[in-house]
Amino acid sequence: MSRLHSVLVAVALVLTVAGCATAGPPTWTFPPPAAAVSTPAPAASPSPSAVAVSASPSAGQTIDLSEWKVVIAGTVVAGKSGFTIANHGTVPHELLVFKSDLDPSAYPTDASGHINETGPGITLVSDGDNIDPGGSQTRTLDLAPGKYLFVCNIPGHFKQGMFTVVTVAP
């Protein structure tokens with residue numbers, strides 16, 4: 001099993017590097033045009049990062065978690081995509097993916113600022129186990145076009161700005 005895991009990780013890395021080499025870095029335009037590919041959070045909410053999107057297929061991508069960041073390398077595309085989620089922080093983190101047209105500051109939360117995962121106006125698309133520091137997990141997501149929130153919802157982490165908003169184009 002260890003050899004198979006190593007081979008799969010190596011293939012995912014090669015495909016990720018190949019995809020990054022042809023896609024180029026994301027570009028940011030502020031204010032975004034009407035057909036924007038990234039959606040920043042308002043100034044009143046924590047500062048997330050933003051991710052460009054593309055409609056071409058994806059073989060594998062990396063999502064890096066650390067204190068108080070969710071960073072996605074490359075682009076997120078409509079359809080099935082494989083993700084390797086790695087915790088580079090010093091405390092456990094998790095990755096949840098919600099689909100919603102709500103701004104992150106409007107997500108339903110409890111008194112401590114923790115997202116109510118079954119709250120109104122949001123749909124939980126993906127959830128996984130907590131990831132210890134230095135650990136990782138892989139996941140396949142089938143994303144339809146729309147607006148998503150990639151977030152660590154361990155108590156206090158969302159409130160600290162540990163999320164990124166992603167708009168997936170058709």
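The values are calculated or read from the model by the stated rules, or taken from the named source; none is laboratory data. Owing to the predicted nature of the structure, the values given are computational and were not obtained by experimental measurement. Note that we place each Cβ from the backbone using ideal geometry, even for glycine, and neighbour counts take in every protein chain shown.
Quick test for you: out of Thr29, Thr22, Thr39, pick the one residue that is of a type in the set (Ser, Thr, Tyr), touching a strand residue (DSSP E or B) at 6+ places or on another chain (Cβ under 8 Å) and either in a loop (DSSP other than H, G, I, E, B) or at pLDDT below 95 (or both). Quick ask: steps written out before the conclusion?
Values: Thr29 fails: touching a strand residue (DSSP E or B) at 6+ places or on another chain (Cβ under 8 Å); Thr22 fails: touching a strand residue (DSSP E or B) at 6+ places or on another chain (Cβ under 8 Å).
After applying the criteria, what remains is Thr39.
Being in a strand (DSSP E or B) and modelled with pLDDT of 95 or more is the filter here; which residues of region 80-100 pass it?
As a first pass, look at region 80-100 and keep what is in a strand (DSSP E or B): 80-87, 93, 96-99.
Answer for region 80-100, where residues must be in a strand (DSSP E or B) and modelled with pLDDT of 95 or more: Thr84, Ile85, Ala86, Asn87, His93, Leu96, Val97, Phe98, Lys99.
Quick check: is even one residue across region 64-73 touching a strand residue (DSSP E or B) at 6+ places or on another chain (Cβ under 9 Å), crowded, with 20+ Cβ neighbours inside 10 Å, within 20 Å of Val168 (Cα to Cα) and at pLDDT below 95?
Within region 64-73, one or more residues are touching a strand residue (DSSP E or B) at 6+ places or on another chain (Cβ under 9 Å), crowded, with 20+ Cβ neighbours inside 10 Å, within 20 Å of Val168 (Cα to Cα) and at pLDDT below 95.
Starting from region 152-170, take each residue that is touching a residue at least 12 places away in the same chain (Cβ under 8 Å) and list its partners that are surrounded by fewer than 19 Cβ atoms within 10 Å (Cβ to Cβ) and of a type in the set (Lys, Arg), counting only C-beta distances under 7 angstrom and pairs at least six apart or across chains.
Val165/Lys147; Thr167/Lys147
Can you pull out every residue in region 108-129 that is among the β-branched types (Val, Ile, Thr) and exposed (fewer than 14 other Cβ atoms within 10 Å of the Cβ)? Please lay out each step first, then the result.
Of all residues in region 108-129, those among the β-branched types (Val, Ile, Thr) come to 109, 115, 118, 122-123, 125.
If the condition is that a residue be among the β-branched types (Val, Ile, Thr) and exposed (fewer than 14 other Cβ atoms within 10 Å of the Cβ), then Thr118, Thr123 are the ones that fit.
Any chance you could count how many residues in region 101-119 are part of a loop (DSSP other than H, G, I, E, B), hydrophobic (A, V, I, L, M, F, W, C) and either in contact with a Phe, Trp or Tyr (Cβ under 7 Å, 6 or more places away or on another chain) or at pLDDT 95 or above (or both)?
1
Give me the pairs, please: first residue somewhere in region 120-140 and in contact (Cβ under 8 Å) with a residue 12 or more places away in the chain and closer than 21 Å to Lys99 by Cβ, second residue anywhere and in a loop (DSSP other than H, G, I, E, B) and hydrophobic (A, V, I, L, M, F, W, C), beta-carbon distance under 8 Å, and either six or more positions apart or on two chains.
Gly121/Leu102; Ile122/Leu102; Ser126/Leu95; Gly128/Leu95; Arg139/Leu95
Which of the residues that make up region 139-170 are outside any strand (DSSP E or B), surrounded by fewer than 23 Cβ atoms within 10 Å (Cβ to Cβ) and out of contact with any His (no Cβ under 6 Å at 6 or more places or on another chain)? Spell out how you get there, then give the answer.
Start the filter on region 139-170 by keeping residues that are outside any strand (DSSP E or B), which leaves 144-145, 152-162, 169-170.
Filter again for surrounded by fewer than 23 Cβ atoms within 10 Å (Cβ to Cβ), leaving 144-145, 154-156, 159-161, 169-170.
Ala144, Pro145, Ile154, Gly156, Lys159, Gln160, Gly161, Ala169, Pro170, listed by residue number.
Return the residue satisfying two criteria in turn: it lies in region 92-107 and is free of Cβ contacts under 8 Å to residues at least 60 places away in the same chain and either over 15 Å from Cys152 (Cβ atoms) or more than 15 Å from the chain's Cα centre (by Cα) (or both), and of such residues it is surrounded by the most Cβ atoms within 10 Å (Cβ to Cβ). Let's see the steps before the verdict.
Restricting attention to region 92-107, the residues satisfying the condition of being free of Cβ contacts under 8 Å to residues at least 60 places away in the same chain are 95-102, 106-107.
The next check asks that each one be either over 15 Å from Cys152 (Cβ atoms) or more than 15 Å from the chain's Cα centre (by Cα) (or both); those that pass are 99-102, 106-107.
Numbers: Lys99: 17, Ser100: 21, Asp101: 9, Leu102: 15, Ala106: 13, Tyr107: 23.
The residue in question is Tyr107.
Can you pull out every residue in region 155-170 that is modelled with pLDDT of 95 or more and β-branched (Val, Ile, Thr)?
If the condition is that a residue be modelled with pLDDT of 95 or more and β-branched (Val, Ile, Thr), then Thr164, Val165 are the ones that fit.
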